[in-house]
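*Asks:* My questions all concern the structure below.
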Amino acid sequence: MPSVVILISGSGSNLQAIIDASQSEQCPINIAAVISNRANAKGLERAQQANIKTAVIDHTQFNGREDFDQALVKQIDTYQPDLVVLAGFMRILTHEFVEHYTGRLINIHPALLPDFPGLNTHERAIKSGVKEHGATVHFVTTEVDGGPIILQAGVAVKSNDTAKELAQRVLQQEHRIFPLVIKWFAEKRLVLNDNKVFLDQQQLPETGINYAQVTENQ
Ligand code: GAR
C-alpha cells in the first residue's frame, strides 16, 4: 500500500476524513505519520487515537523558513512516503521543499482556485458577492496556491451567510474530495507530468474536475 505522510497545523478534520477513508478501505493507503508544526494541534490526538505515529516540528524553534523546512524534509523522508498531504498545514513552504516532493505533494485549499488564494477565503468570498464558493485539491508547486488543480467542489453562498456557516459547508465538501483524490493517487491513476494533471491518462482542464461530475464508482 502506498505510504502517506500528512502535515497539519490545527483541528485535523480533513485528516480525520482521510483516516476514516483509509480504515474503511475506500482509500488504500498506509498513513505512515502525521506531523504538526503546532504541539497543541487537535489533529495530533486524532492520529494517536488511530494508532498513527505523530511528530511535532515547531517552526518557532527554528531560525528561519529554510531551517524549518530542512528539518521537516528530514523527518518526512524517514517514512519514505509516496505522497505528502497538506491537510490544513498553515505554513508557506520553501521552493527547495516543494521541489523535493514535486508530483507527490498535494494541498487542500478552502476556495475555488484561482479565486481567493491565501487566507480568510470565506470572509473574502462573502464580501466579494460571489454566488459560488468551495474547495480545491491541487498539486503543490512553488507558486503559493497556484499549483495544477485536480478536483474542486462548489458550495452555494447564501445571502445571509456568515463566514463560519460557509466554512462549515465548505469543510463538508473538503472531507469528500480530499480522500477521493488520495484514493486516485494511491491507485496510480493520478499523475503530474510537466505541470499538467492526468487522471486515467486523460489531461484535466485548468480547473480540474468538478466534484458534481464525479460518478459513484470513481
Ligand atoms: C481547511 O479548511 C483547509 O482547507 C484549510 O485549513 C482548514 C483546516 O481544517 N487550509 C488552508 O487554508 C491552507 N492554506 P482541518 O484542520 O479541520 O482539516
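*Asks:* Equivalent ellipsoid semi-axes for region 1-150, as square roots of 5 times the alpha carbon gyration tensor eigenvalues: give them largest first, rounded to whole Å. All intermediate terms of the calculation are to be shown ahead of the outcome.
*Replies:* Working: eigenvalues 115, 72, 48 Å².
Here the semi-axes work out to 24, 19, 15 Å.
*Asks:* So, one more: So for the chain: antiparallel DSSP bridges make up what percent, rounded to the nearest 5?
*Replies:* 50 percent
*Asks:* While we're looking at this one, here's another question. What is the extension gain from Asp200 to Glu187, computed as 0.36 nm multiplied by their sequence separation minus the C-alpha to C-alpha distance, in nm to one decimal?
*Replies:* Result for the pair: 3.7 nm of gain on full extension.
*Asks:* Quick one: net charge around Thr207, please, counting Lys, Arg +1 and Asp, Glu -1 for every other residue with C-beta under 15 Å from its C-beta.
*Replies:* Counting the neighbours of Thr207, the net charge comes to -3.
*Asks:* Among all the lysines, which ones have a C-alpha under 27 Å from Lys74's C-alpha, if same-chain residues fewer than 8 places away are not counted?
*Replies:* Straight-line reach from Lys74, under 27 Å: Lys42, Lys53, Lys183, Lys188.
*Asks:* Give, in nm to one decimal, the length gained when the segment between Lys53 and Lys74 is fully stretched (0.36 nm per residue of separation minus the Cα-Cα distance).
*Replies:* 6.0 nm
*Asks:* Leaving out same-chain residues fewer than 8 places away, which aspartates and glutamates sit with a Cα under 18 Å from that of Lys127?
*Replies:* By straight Cα distance, Lys127 reaches Asp115, Asp161, Glu165.
The numbers here are math on the coordinates, done by the rules we state, and not lab data. As the structure is a computational prediction, the values presented were derived from the model and not from experiment. All Cβ positions, even for glycine, are placed from backbone atoms using ideal geometry, and neighbour counts span all protein chains on display.
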